[in-house]
Amino acid sequence: MKMRGAVKVFISLMCSILIAALMMPMYLRADDSVYLYLDIPDTEVNPGDIVTVNVMADSLEHITSFGPINLGFNQGKVEYLSLWQPSELAAFTYTTEVLDTGRLIVSAVDEMSISDLNDIVVQEGEISDDDISFYTEEPIILFSASFRMKPTATGEARFWISAAEGFINGYQEELSVSIGDGITVTSDGGVSSDSSIAFLQADGITLTPEFSPDILEYTASVSRQVTELDLSVTPGNLWAAVTIEGNNDLELGENVVTIDVVAQDGSSASQYKIYVTRQDSYVLEGSGLVDAYGVTYAFLNFPENADIPEGFNQTTKTINGYSVPVFAREGVLSVLVYLYDGTNDPGFYFYNPSTRTVTPYNKGSTIIRPGVIMSVVDVPDNVMIPSGFREETIEINGQPVPGFMDKEEDFVCYLRDENGNAGFFRYDEETGMFYEYVSVDKTPEKIYSALFRVFLCITLIESVFIILIIYIIKHTLRKKTHPRPRRV
């Protein structure tokens, strides 16, 4: 009996240990939290100065989204300018909203990680290596918000986090959030000695290294068709004088663009330089795009004597941050570009900047409709050809187009658009356009037509009978009123 009791106690003890081991990760995860605080590099400012507020987190453990984070500011003394997203969180998509009450609302989500959440395997309370959600045990900047001190601002201006939530981890659990104290900056109303640039943006080019107010020299490359740079410069202080030279009439080869900044009080000056190489090619070396399906294409120069669709004219567009030559037509969103995917021969493709889809251009099978590019494709086995149509090929704009025609000479063909949607489309000879084909059930029409013929025949027969009856009656009456004389 004692032995049996000891066995029961041992089994109960082991079960308790096992349950505790299984539950421990849950309790550990329940204690996970995020601590948020603010960091401002310089709290002594002047009117017109830019104040950069870094919203920090002490760590992020497999975070897939966060926010809304409510950042408060004294709108009577500062105005919001812009938001900076750190490169470490490049996979996150940020949304911002500025309220009239002096609040900046920021949220972010890593959509790629969320789409993979169903594949996450949790083993022994730890997320497996398959989880690609963001993880760091070190302090990190969630975002940096830039504000400018108003011209008349003096005294103290305060920044604080009033609320924060929505920190979701790989377990799809929301972590608790604790918030640190706010930070106050002080403006004594003096004259600024700041000669730095806070923001520098150049359309269509990439600066190397990435812009920072402390870095004075950069390099960049542009293609042959670019002859000037459109620079947007924001000085660190509102009243700093900015002069830009060398950004117009770029020559082939190396050019030097200078940006001179003189502080408000004249005590300091800074010169930023951009060494710009204007290449001989119309396509910038290394430029390319990645479509919606993750396929990488390289931009190439157009071949000579290229056969371009009617109505398309050569121009320049910015695609994926690169200024490239394209052929475009008014009313058509997609542009024609010359690409190489690394496998197939280079060729012309239609690129849709809205959907980021790439469609090969084939002169004999590409149909250009307003707002969409379509291609003639084979009819799938599971799709029925409209009743009464036979295979036929007609010539459209000098090119043979395969399709189907009925006895009334209506022509349809099977087309697929840039998004993969496909169906039958009817060709209108008068407009030269394709319209979605809608199959009409003519059975009722045929029944009505047959019934009409039957009733018409009945009506005709009745009419003949009526005429005969009238004739017989008239003939009989004539005999009675005008009897024929008898012979004697």
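The values are calculated or read from the model by the stated rules, or taken from the named source; none is laboratory data. Just so we're clear, the structure is a prediction, and the values are computed from it rather than from any experiment. Counting neighbours? That spans all protein chains shown, and the Cβs are built from the backbone with ideal geometry, glycine included.
Would you confirm whether any residue within region 280-296 is at pLDDT below 90 and in contact with a Pro (Cβ under 9 Å, 6 or more places away or on another chain)?
Yes, some residue in region 280-296 is at pLDDT below 90 and in contact with a Pro (Cβ under 9 Å, 6 or more places away or on another chain).
Take the residues of region 140-172 that are outside any strand (DSSP E or B) and on the phi > 0 side of the Ramachandran plot: which is surrounded by the most Cβ atoms within 10 Å (Cβ to Cβ)?
166
Residue 101: touching an Asp or Glu at 6+ places or on another chain (Cβ under 7 Å) and among the hydroxyl-bearing types (Ser, Thr, Tyr), yes or no?
no
If we only count strands (runs of 3 or more DSSP E) wholly inside region 50-118, which ones have 3 or more residues that are crowded, with 19+ Cβ neighbours inside 10 Å?
Per the criteria, 50-57, 60-73, 103-109.
Of the numbered conditions (1) at negative phi; (2) surrounded by 13 or more Cβ atoms within 10 Å (Cβ to Cβ); (3) modelled with pLDDT under 95, residue 251 fails exactly one; give the number of that condition.
(2)
How many residues, within region 305-362, are in contact (Cβ under 8 Å) with a residue 60 or more places away in the chain and either of a type in the set (Lys, Arg) or assigned to a loop (DSSP other than H, G, I, E, B) (or both)?
Residues in region 305-362 being in contact (Cβ under 8 Å) with a residue 60 or more places away in the chain and either of a type in the set (Lys, Arg) or assigned to a loop (DSSP other than H, G, I, E, B) (or both): 5 in total.
Looking only at residues that are among the charged types (D, E, K, R) and in contact with a strand residue (DSSP E or B) (Cβ under 9 Å, 6 or more places away or on another chain) in region 173-209, which one is surrounded by the most Cβ atoms within 10 Å (Cβ to Cβ)?
194
When you scan region 250-287, how many residues do you find that are closer than 27 Å to residue 47 by Cα and of a type in the set (A, V, I, L, M, F, W, C)?
5
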